[in-house]
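Structure record follows, encoded as structure tokens.
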């Protein structure tokens, strides 16, 4: 006899094979875990005096990470007297956010923390769905 719904008044019980019941529950839990997506945080580091080509390379890396479904932590490091001009760094981070806004949303705006300025970008929810659909179509047996 297995208790099916303990919260019900009166509690609901069924006569069944408990081993089979446990096996089916473990299969259901395993299937649910398979569909979960682990979100990693990738990091892109910049400097205030970055040249245009280097900026484009960093932006492409951020786009690649976002298209893979990962979050991106953009860190801008100030060295020496550069810390006097945090506006330059903030402008650079906002420019990066604007360049990738088609696939990303700013989860945490630029904020100065010590000698670094940090901004976190996350993939757009509709973009994530498109990525998972593309993965489903690439797998054998997918629709």
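The values are calculated or read from the model by the stated rules, or taken from the named source; none is laboratory data. As the structure is a prediction and not an experimental result, all values here were calculated from the model. Because the Cβ atoms are built from the backbone with ideal geometry, glycine has one as well, and the counts that use them run over all protein chains shown.
Observations on the model:
- Cross-chain or 6+ apart pairs with Cβ under 7 Å, region 19-32 first and farther than 14 Å from residue 4 by Cα, then at pLDDT 85 or above and surrounded by 10 or more Cβ atoms within 10 Å (Cβ to Cβ): none
- Just one residue in the set 88, 84 is closer than 30 Å to residue 119 by Cα and surrounded by 12 or more Cβ atoms within 10 Å (Cβ to Cβ); that residue is 88.
- Taken as a whole, region 17-25 holds at least one residue that is over 30 Å from residue 105 (Cα atoms) and not in a helix (DSSP H, G or I).
- Filter result for residue 124 (at pLDDT below 90 and surrounded by 13 or more Cβ atoms within 10 Å (Cβ to Cβ)): yes
- Taking region 42-86 as the range and being within 14 Å of the chain's Cα centre (by Cα) and either free of Cβ contacts under 8 Å to residues at least 60 places away in the same chain or not assigned by TED's automatic domain parsing to the domain that holds residue 105 (or both) as the test, the residues that pass are 42, 43, 62, 63, 64, 65, 70, 71, 72, 73, 74.
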